[in-house]
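The values are calculated or read from the model by the stated rules, or taken from the named source; none is laboratory data. Keep in mind it's a predicted model, so treat the numbers as computed, not measured. Here the Cβ positions follow ideal geometry from the backbone for every residue, glycine too, while neighbour counts run over all protein chains shown.
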């Protein structure tokens with residue numbers, strides 16, 4: 001391989017959501033000259049969100065894409081090199097650390113911050129795509145406020161679905177919990193909580209067939225009974241999909257410690273991984289909070305830890 005295909009950097013950041021861009025802001029200000037590879041979805045999951053009302057500093061709210069552009073411009077202002085491209089392969093078995101881009105270029109990095117995020121799992125309905133951001137959501141904590149006093153539905157049977165239903169029950173008039181089987185997979189404590197909340201109604205053996213709407217917003221959901229085959233429609237203004245998230249960690253398998261769900265393991269209270277010089281921030285290592293502000297916080301931590309680690313190594 002010619003030397004022109006190899007590039008040496010101090011800090012490589014893989015991913016461009018709130019975690020990646022915040023890491024870039026801090027790393028750039030620490031003179032680490034960070035290089036960010038954005039991935040195919042510049043700005044991550046937030047770019048599919050219409051309104052963000054819970055991120056500090058935006059008193060009137062902001063759209064996800066605009067917020068991500070703001071973060072990108074802030075990172076670039078301090079000298080971050082933001083590149084639209086994909087890291088396809090990494091080699092953390094040697095030092096310096098190595099990453100290969102989709103164009104075949106090899107990046108040799110002193111430190112790597114992974115902020116590739118996670119992807120919400122969807123049911124795969126066309127109507128779900130059509131109304132995404134217009135009544136369809138994968139995050140009750142993010143979007144529940146917009147449905148205050150309304151009727152909504154949550155689909156899922158695990159802890160996440162039960163938590164989202166319980167959260168929405170405090171804001172909404174009525175919450176339908178659509179369970180595709182005849183039992184919940186959630187912990188007993190979460191099951192009791194849902195079953196003892198008066199304005200949550202569980203619809204067992206119910207398969208969502210279509211999210212209905214008026215071509216602008218959601219107006220209901222058509223359900224098929226998994227046992228009888230009968231159809232029924234419920235009227236709701238919000239439809240929350242809570243069937244889990246998939247961390248974007250395929251390229252890190254065998255290179256770094258992952259938990260049983262595929263999330264990157266970090267040292268508690270830190271963003272350090274089991275590989276020296278590699279740090280993980282945002283939803284790729286967080287399956288609990290999954291918020292833009294917590295992702296940004298861990299991005300800050302990762303950059304500070306990377307800077308300190310380099311300082312100790314070089315001294």
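What to note about this one:
- Of all the criteria given as (1) over 20 Å from residue 180 (Cβ atoms); (2) touching a helix residue (DSSP H, G or I) at 6+ places or on another chain (Cβ under 7 Å); (3) not assigned by TED's automatic domain parsing to the domain that holds residue 265, the one not satisfied by residue 140 is (1).
- Just one of (1) touching a residue at least 40 places away in the same chain (Cβ under 8 Å); (2) closer than 30 Å to residue 136 by Cβ; (3) assigned to a loop (DSSP other than H, G, I, E, B) fails for residue 33. It is (2).
- Check on residue 311, buried (at least 22 other Cβ atoms within 10 Å of the Cβ) and in a helix (DSSP H, G or I): no
- The lone exception for residue 270 - which of (1) surrounded by 14 or more Cβ atoms within 10 Å (Cβ to Cβ); (2) in a loop (DSSP other than H, G, I, E, B); (3) modelled with pLDDT of 95 or more it fails: (1)
- Residue within the range 245-255 that is in a loop (DSSP other than H, G, I, E, B) and exposed (fewer than 13 other Cβ atoms within 10 Å of the Cβ) present: yes
- Scope the range 49-82; condition in a strand (DSSP E or B) and closer than 13 Å to residue 143 by Cβ; matching residues: 52
- Meets criteria (surrounded by fewer than 18 Cβ atoms within 10 Å (Cβ to Cβ), within 22 Å of residue 87 (Cβ to Cβ), in the same structural domain as residue 86 (by TED's automatic domain parsing) and touching a residue at least 60 places away in the same chain (Cβ under 8 Å)) for residue 303: no
- Cβ-Cβ distances below 6 Å connect the following pairs, each with a first residue in the range 168-188 that is under 17 Å from residue 145 (Cβ atoms), a second residue that is at pLDDT below 95 and surrounded by 13 or more Cβ atoms within 10 Å (Cβ to Cβ), and a separation of six or more residues or different chains: 168/140; 168/144; 171/144.
- Those residues of the range 187-237 which are in a loop (DSSP other than H, G, I, E, B), in contact with a helix residue (DSSP H, G or I) (Cβ under 7 Å, 6 or more places away or on another chain) and within 20 Å of residue 133 (Cα to Cα), in sequence order: 237
- When we screen 251, 234 for residues that are touching a residue at least 24 places away in the same chain (Cβ under 8 Å) and not assigned by TED's automatic domain parsing to the domain that holds residue 144, the only hit is 251.
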